[in-house]
Amino acid sequence: MTKKLYIKTYGCQMNVYDSERMAEVLEGYEQVESPDGADMILLNTCHIREKAAEKVYSELGRYKDLKQANPDLKIGVAGCVAQAEGEEIMRRQPMVDLVVGPQSYHRLPELEARARAGQKALDTDFPEEDKFEKLKRRPKAQRGPTAFLTVQEGCDKFCAFCVVPYTRGAEASRPVARVLAEAEELVARGVREITLLGQNVNAYHGEDGGETWGLARLIRRLAEIDELKRIRFTTSHPNDMEDDLIAAHGDCEKLMPYLHLPVQSGSDRILKRMNRKHTAASYIALIERIRAARPDLLLSGDFIVGFPEETEEDFQATLDLIERVRYGAAYSFKYSARPGTPAAERPDVAADVANDRLQRLQALITRQQRAAQDAMVGREVHVLIEKPGRMPGQMVGKSDHLHAVHVTSDALDVGDLVKVRITDSGPNSLAGRLL
Ligand code: 5AD
Ligand code: SF4
């Protein structure tokens, strides 16, 4: 009998991708939308900020009744909290049967069998073998028009605040041939837009018969797949933005005019303490070069406020940088000390000061985001239709610039790539008329 698997995913898009692959590798299970009645619950966790890890423990607490009602229910923790805390999770929450780190997902079937046999199963190794090669090929069923494809994992940058180099390990790239094969498969299943993923995706260095390909070459090759209409990539580090990738933004039509390029702070003093290895000026100069290649590029970024020893002057420098760059979207976070990272040893900025800065920064970003969205009104854009909207006859998709666009038409199907005139800009999305 088919067992029921419920996966709850936290954190970044790489976890979304990993959850799909975990569901595929666990044979004999079908994925369900609710933990009630599930035979296995898997939390795919994130460790990037303190709140993210705490959420996992409170979620586990909620499964107590389910476990009591069904002693055969197995509970697993995957992802970066699993990697960072390992056995500690089972100590803190004894009803957890299985703990698996991000580099060991291909070993899930064995771990599941062990858990079924009533043993505790733990694997947080960084094994030699490539988990993606060992993971099953993806099934052939039709799927939605957009997909994530992880091409790179891990990080060697060691920003002073960040746990990723410890939880995801060193930078590693998947071989070119495997990425291409997976992309072809996705396209055969109906995918029209692929977002290439990596913690440092623009540091991609994939092997191909003794040659090494960078991200730009991979993108250009993917663009040759006829039925693949759009390519995106995320997340990038400014220091890995090589010339050919900048050029690709100008000359590769399928590469969308959107770039997520986190800077974290606009103060050189803080950037240095963060170990970012770039300055505010070098970041701005880089943005100017990318915009010269692709003038309508929409930029997004990540910011941390309240990093240890951040003064009001440092914070002002961040606001100044945001004013100069003009972002179309941004994610901002209050600094959260992560155990084991160098910054965790340093004195914290007072919580009320950090909260106040976060609010001011978010107000500025919201204004910029709204301005970028409003500027689309009257323009002709391409929209890839993703799903029906809430209103009858309405469909929703994304523009090249990743804005959500509502289109009212009876003639549209999921997966259509259509030309639309933007007529209106709402709080979180645009409305358009089919051309
Ligand atoms: N505290 C707050 N934000 C963090 N990020 C990473 N580590 C921390 C931390 N310790 C943010 C960075 C990164 C994004 C994914 O999460 O801005 O780019
Ligand atoms: Fe973390 Fe910095 Fe690596 Fe990004 S570049 S994953 S912020 S260490």
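How big is the convex hull of the Cα atoms of the stretch 131-374, per residue, in Å³?
Value for the stretch 131-374: 138 Å³ per residue.
Computed from point charges on the beta carbon alone (+1 for Lys and Arg, -1 for Asp and Glu), the dipole magnitude for the chain about its Cα centre is near 740 Debye.
Full extension of the chain between Glu87 and Thr2 gives 27.7 nm of extra length, using 0.36 nm per residue less the Cα-Cα distance.
Size estimate for the chain follows the Kirkwood approach: the inverse of mean 1/r over distinct Cα pairs works out to 23.2 Å.
What's the extension gain from Met391 to Asn70 if we count 0.36 nm per residue and subtract their Cα-Cα distance?
Extra length from Met391 to Asn70 when fully extended: 111.5 nm.
Legend: calculated FRET efficiency, Ser282 to Arg326, from the Cβ-Cβ distance at R0 = 30 Å, rounded to 0.05, equals 0.95. Taking the chain as a whole, the Cys residues whose C-beta sits 4.7 Å or farther from every other Cys C-beta are Cys12, Cys46, Cys80, Cys155, Cys252.
Reducing the stretch 239-315 and the stretch 342-392 to their Cα centroids gives an inter-centroid distance of 16 Å.
Computing FRET efficiency as 1/(1 + (r/R0)^6) for Arg360 and Gln119, where r is the C-beta to C-beta distance and R0 is 35 Å, gives about 0.10.
The label-point distance for Arg143 and Glu59, in a model that sets each label 7 Å from Cα toward Cβ, rounds to 2.0 nm.
With the Cα gyration tensor of the stretch 32-153 giving a ≥ b ≥ c as the square roots of its eigenvalues, does the rule (a/c under 1.5 for rounded; else a/b larger than b/c for prolate; else oblate) give rounded, prolate or oblate? Judged from the Cα gyration tensor, the stretch 32-153 comes out rounded (a/c under 1.5). Label-to-label distance, Lys51 versus Phe126, with points set 7 angstrom from Cα along the beta-carbon direction: 3.0 nm.
Between Asp424 and Leu319, how high is the FRET efficiency from 1/(1 + (r/R0)^6) when r is the Cβ-Cβ distance and R₀ = 22 Å? Nearest 0.05. Efficiency, rounded to the nearest 0.05: 0.15.
Values in this text are rule-based calculations from the coordinates and carry no lab data. Note that this is a predicted model, so its numbers are computed, not measured. All Cβ positions, glycine included, derive from the backbone under ideal geometry; neighbour counts span all protein chains shown.
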